[in-house]
Amino acid sequence: MRDGMYSTDCLDGTDEKDFQYAIEGVRNPCVTTPIFRCEERTIRYPWRFSCGDGEFLVLDIPQLSQRCHNLRDLPMSSSIFTSLDHISDLNCRQALYCLLRINEIFSDAETASGTHCESLIDHCSSKWVVLPEYPIIYRFFQFIYLTNRSINEFKTNLLPDFICFNSSRCPALIYCSIDIGIQNGLHCCKTINLINETLDDWYFIDVLFRNLIQRCSTIGTTKTCSSPSLFHYESFSACQLNDSKRFICSSEPNKCLSIVSLENGKTDCLDGEDELTSDERNAFQGLIPFVLICNGIYDFLSVKNLSEIDETHCDWWPCNNPYVRCDNIWHCLNGDDELNCPRKNCSFNEHECYNDYLNKYYCIRSVNLMESYLDCEDSRPFREIYFNNITMKNNTYYFLWNQTKCIISQHICQQQQQSFLPSTEEEDICLMQPFLRFITQIATVFIISDEYRCRKLDGNPSSENSKPFLITSQLSYFPSITSNIISPEQTNNFYNGYISLEERIYGRTDWYCNRGIVIFYKSNKTKKCFCPPSYFGSRCQWQNQRISLTLQFIYHSSTYLISIFQILITIIDQQREISSYHEQITYVPKRDCNTKFNLYLLYPDQPKNSSSNYSIHIDIYNKTDLTYWGSWHLSIPFQFLPVNRIATQLFLSSNEQPTICPLSCGIHGKCIAYINNNSSYFCKCNQGYSSICCEKEHNCSCSSDSLCITSSICICPINKFGSKCYLKHSFCQSCENNGLCIPNDNRFHLTNNFTCLCQEEFYGIRCENTKNQIDIEFNEEIIKKISLIFAHYITAFQNAKHQHTTTLKKIIYGQNTIKLFITQPFHIILIEISKQNYYLAVLRERFIQSENIKTEILSNQKCFHINELVNKTFQLYPLYNRIKYYPLISRQYKNLSLSLSNQPLLIQIIIGITTLMFIFGLISGILSILTFHMKKTRDIGCGFYLFISSWNSMLTLIILIIKFWQLILSQMFILNNRSILYMNCLILDMIIQVCLTFNDYLYARVSIERVITVHKWISLCIFILIMLTHIHDPIHRHLIDDIDTDEQRIWCVVQYSSSIHIYNSFITLFHFLLPLLINIIISIARSRLTIQPRLTFKEHLQLHLKQHKSHLIALCTLIF
């Protein structure tokens, strides 16, 4: 039920949403398509005419303003007016035919104004004439014309003098009934009492009778049926039927409607909830779908008695979220939700706009835009956004977009106060701006220059055009991709193999064979007809007595098995005689999951033997070894009907046979219980035997490797076919990677002659492709608690609701890794390790074929239930109110599991090493400060400089550890204050560079002090010089937002121009070489004077270069 509009199981199609065609001009795909769903259909609406192929007319016949496309109504409508054989006098008949202008009804010709018709009274002997013979006009009415009526009256009004009807079928009109002396068992009313209008053209007859038909079909008819609500519109209580499928009107609890009455265009409930969609009905209960919350469209304005609707209290809702992204509507004031979308003509971070005058498109970078301030209280008609060419610096009238990540009302509305909305200056995610929601629905103009204006391209923000589907853009990739991404064109080819049945056979317009296929032979001069099973006759003009059978098989397996079954479907009588007409189906669970098999079963005799009690017997065999699996029995209700419609699901399960069987099957049979009815038994006969007790022997002419059921029924092995299984399949030799080839039944599979059943690791038409392999590793703590996991796959579609599929996987004992092999596209994989304990395993913005993904389930990937994150007071709020705050809660707790213990091992090692270095460095620095703090150590200049160096080293170490933890915490999203990150970006790196450089100069001063005495204040001058030479660095630093990942991290980057880059390299080299050269020269001078005076200068230089080679290597690395 409700599994697709083209998958109807009920004869009237009420198990699915209506897809019938009742609007004139709508192309009906069933007109020329004689397939099962078109043939086996009636209509679900009473008092309407069925065209027999899914199409219907809004009223019963005669219907002159509309026509069935197959013209089925034409001969039936014509017979109502032209069948006048019940009028014995031929002249009377011809006079009536002329006066009623019947020849105009079914032809385009009009009766000439001068045409002379004779009066009825001149030729008709009775007081009246009846049309038609029985009350079949619109199923209720019969017309009575008085013979004394004048010719002029017929010219002005074609309606009869009296309208007669059967009172049991139309009791609503009895009030005007009068006795006119006609003995036909009908009640008659004067036409003027029912229809106070005239009819001068038969074309408008349905308009005049529509109200009468409605009154007859809905008023006073409940006594004619014990359960009338099963067949009529419900204008009465039907709740006493205790039918769980009925819809109870919330506005009228005592009114219960059948599903026929839902969304049928007619309001039956007081508040009209029966005509709402399921989403709108859920809104009555406060259950608005998550995808419709805060999407900028008021979806539920028509819902009454709601204090809060879907677009209220959206202050904490992200404006760029997966459900509104790339829907051609700006939900963010700067249009971030429409940047970098698929199928856009612009480059990265560019908006597209169109110039109507020049008929040109422009692409404008968002960082180069600025906007004129709005007077939001006056609601200006449109926003003016200008292209900023860097020359315009006046901020009095314009707001520069590059000044902030998120544009809020305070930025573009000068009257706005900070109290209107929560500040988002420090938010990492831009939020909706409900106060300015109207701005996104107003034309926005990009003004490139005074001469060029272009408007932004967006959609119409209305609920009719809304497509609230999951968008995978910016979903990112987790774990990261290990191979190249396949292009979208390659990925889309995954879906291109499907061709619908209608596309293959639609367009056949030759109706010579009715619903059959015409063939030509004898030099194309003679036509013959191939009829479908439902028709017979020389031109397929007659319908067969038949059973229209729809079967769906359900097979569940916890392991990956290649199972193939052969289904044998037969009609049997009360003596279990099997009809020669049978059907066979090859059912492959991996291929035919959820497939519905539509079949025709013809009775052994046409017409069928009414004294026989027929039923349907279904056997199932394992196709690989032809072993018997089980049987089902289906009874045929209402066997007096010429056509029976049966639809059922059959579950394939192991058929445990009873130990005690009430049937005696002799030595050639075995007592078997039916799968679907364990209390019903039959004798399963051995090969060569049949009948109710398996005593009748028959000859088998099947091939030796096949299974003989009767003399005319054989079950073939996989590689053979034919009525006797002597023919071999020649095309089943091309499956790769040990795939098993299965021939396809052309009745159900038109695209290929065969199916390759692949091993678990492969897929494709010939098993030529490797499946996506996902290796999921569990830690020891989790693996001890579970033995089974559920893998949930979420697949997003462009214009459809996302799909959720689930598989069960067993964890092998002693292992902590499972392998999943996947062929269907997916975008999100969640692992459920116990009841409602979910972990994020994989994210894929685009599906990548044949990818090998390795991931690990860690505690920081757990998806927490909302009740674990909020207090009990919040849990008591209605869902309608709570859901508006989910994004805020998500941001507050997004780092809930990101503790240091949950970080990767490499990060933990780096944190440990850095912490040890800091501790040892801190201890060393403190001891050094304590040593040189003593006055005696500072009697000479060297001690003073070493004392300053100790403090400088401590400061450098502290700033370095601050920088390290700032990086760690920001990537863990614990530190996300943009102002703090910006100050750290500007200052910390420059301070570290200055401190390290100053330390080198202090060491150089120590070397100089050992030779000559220099004034101490020179060190301050050196420090100031170092600061000035590094002042360019913070000027060229700024923050950027990483929009290519779902985390949206913030990075500090430095960007130099070519000239500044040269200057920076020179300064770095200068500040490194100068202290180094001072140290080397002073050391050489001291060595030659005191320590090693016999060595030459060159030897001293080589010795000191060798001692300081580590510094030189660091310098070269830093420069290059």
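A few notes on this one:
- With DNA, RNA and ligands ignored, accessible area of His116 (1.4 Å probe; Å², nearest 10): 140
- Span from the the stretch 834-859 Cα centroid across to the the stretch 770-785 one, whole angstrom: 10
- Accessible area of Trp1051 in the full protein assembly, 1.4 Å probe (Å², nearest 10): 100
- Heavy-atom surface analysis with a 1.4 Å probe gives the stretch 662-767 a carbon and sulfur content of 48 percent of its accessible area.
- The gain in end-to-end length when the Cys1021 to Thr817 segment is fully stretched comes to 67.1 nm, 0.36 nm per residue minus the alpha carbon separation.
- Table column - 3J(HN,Hα) (Hz), the stretch 613-628, Karplus curve with 6.51, -1.76, 1.60, x for Gly and Pro: 9, 8, 8, 10, 10, 10, 10, 10, 10, 6, 5, 6, 10, 6, 7, 6
- Put simply, the amide H of Lys696, placed in the peptide plane, has neighbours under 5 Å in Ser690, leaving out anything fewer than 5 places away on its chain.
- Legend: residue pairs Lys245/Lys835; Lys190/Lys266; Lys784/Lys809; Lys608/Lys728; Lys245/Lys596, Cα-Cα distance threshold 25 Å; pairs beyond threshold, Lys245/Lys835; Lys190/Lys266; Lys608/Lys728.
- Relative packing of peptides 566-578, 199-211, 331-343 - highest average C-beta neighbours within 10 Å first: 331-343, 566-578, 199-211
The values are calculated or read from the model by the stated rules, or taken from the named source; none is laboratory data. No experiment lies behind these values; they were computed from the predicted model shown. Neighbour counts run over all protein chains shown; Cβ positions are idealised from the backbone, glycine included. Accessible surface is based on the protein model in full, side chains and every heavy atom, while ligands, DNA and RNA are left aside. Shrake-Rupley method; radii C 1.70, N 1.55, O 1.52, S 1.80 Å.
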